[in-house]
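Any read-out appearing in this document is the output of simple, stated calculations on the displayed coordinates, not a laboratory observation. Just so it is clear, the structure is predicted and the values come from calculations on it, not from any experiment. Cβ placement follows ideal geometry from the backbone for every residue including glycine, while neighbour counts extend to all protein chains displayed.
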Amino acid sequence: MDWNLYANFTAAMIAIVNPLGLIPLWSQLTNDLGKKERRELAAMLIGTAVFILLIFLIFGNAILGFFSIEVPVFQIAGGILLLFTGISMVNGNIFQIENKQSQAKEKHPYHLVKTRFREILVPLAIPMLSGPGSLTTVILFGHRLDSATDYLVLSCLLIIILLILFAVFVYAEKIEKKIDPIIFNVLTRLFGILVVAISIQFMMEGLKEIIAGWGQENVL
């Protein structure tokens, strides 16, 4: 068991998912719903994100193989995407997303939740929770795993992180009342710096493998 790998994965996913940083966006998109509807909607969004990310964590290497994409190349491409995500977080404009709430009045609460889920699936579940940053992270970390135990541990960590986000969504109203909005902005920028560092590390690892491969070809 590689505890260092587990710790790095946890830090990377928390930084990219950024639970506290999503509170303002979540509140904006669901402030007209009741507590029960918000809880059901949060469960649907988190469930969708867990399903997508687990698929890419477990089958990421097979997906890359199907498209004949070498891992070092994907590390560089994914690192570039992560870099843009991190820079957006540092600049504070990653959450400037249009509110797409429906104006229609649904009579049944379940239909209202389904309608709102369709409306905020993009951007909240995709790409905020399961977008370029998180998908790249789970694929690259999944490539480093050597055993079924490692896959199980990372899958559990991923589920725990998203369950924490679910709890944040459920109690967002109370959290927002007790925490100054400026703290959300500060945390988002700090997480952004961490994401930038992770992206550069991915790109350097990819370049290192490619350069090593060129060196071996020249020797041959």
Problem set entry | Backbone HN-Hα couplings from phi across the stretch 82-88 [Karplus 6.51/-1.76/1.60, Hz, Gly and Pro as x] | 5, 4, 5, 4, x, 5, 4
For this session: Report the one residue of VAL168, LEU53, MET1 whose Cα lies farthest in the direction of the positive end of the charge dipole of the chain (charges on C-beta: Lys and Arg +1, Asp and Glu -1; origin at the Cα centre).
Result: VAL168
For this session: Would you kindly derive the ³J(HN,Hα) couplings of the stretch 161-169 from the backbone phi angles with the Karplus curve 6.51 cos²θ - 1.76 cosθ + 1.60 (θ = phi - 60°), listing them in order in whole Hz, with x for Gly and Pro?
Result: 4, 6, 5, 4, 5, 4, 4, 4, 4
For this session: Using per-residue counts of other Cβ atoms within 10 Å, averaged over each peptide, order 161-167, 11-17, 179-185 from highest down.
Result: 11-17, 161-167, 179-185
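What shape does the chain have by the C-alpha gyration tensor, where a ≥ b ≥ c are the square roots of the eigenvalues, rounded means a/c under 1.5, and otherwise prolate means a/b greater than b/c and oblate the rest?
prolate
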For this session: Using only the Cα atoms of the stretch 117-220, build the gyration tensor, take square roots of its eigenvalues as a ≥ b ≥ c, and label the shape rounded, prolate or oblate: rounded if a/c is under 1.5, else prolate if a/b is larger than b/c, else oblate.
Result: prolate
Exercise. Does the stretch 152-212 come out rounded, prolate or oblate by the C-alpha gyration tensor, with a ≥ b ≥ c the root eigenvalues, rounded set by a/c under 1.5 and, if not, prolate when a/b is larger than b/c and oblate if not?
Worked result: oblate
Exercise. How large is ³J(HN,Hα) for each residue in the stretch 4-13, as worked out from phi by the Karplus curve 6.51 cos²θ - 1.76 cosθ + 1.60 (θ = phi - 60°), to whole Hz, x for Gly and Pro?
Worked result: 5, 5, 4, 5, 5, 5, 4, 4, 5, 5
Problem set entry | Distance between the stretch 1-71 and the stretch 171-217 - C-alpha centres, whole angstrom | 14 Å
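Per DSSP helix of 4 or more residues, -39500 (n - 2.57); summed, then divided by the residues of the chain. What does that give at 222 nm, rounded to the nearest 500?
Calculated from helices alone, the mean residue ellipticity at 222 nm is -26000 deg cm²/dmol.
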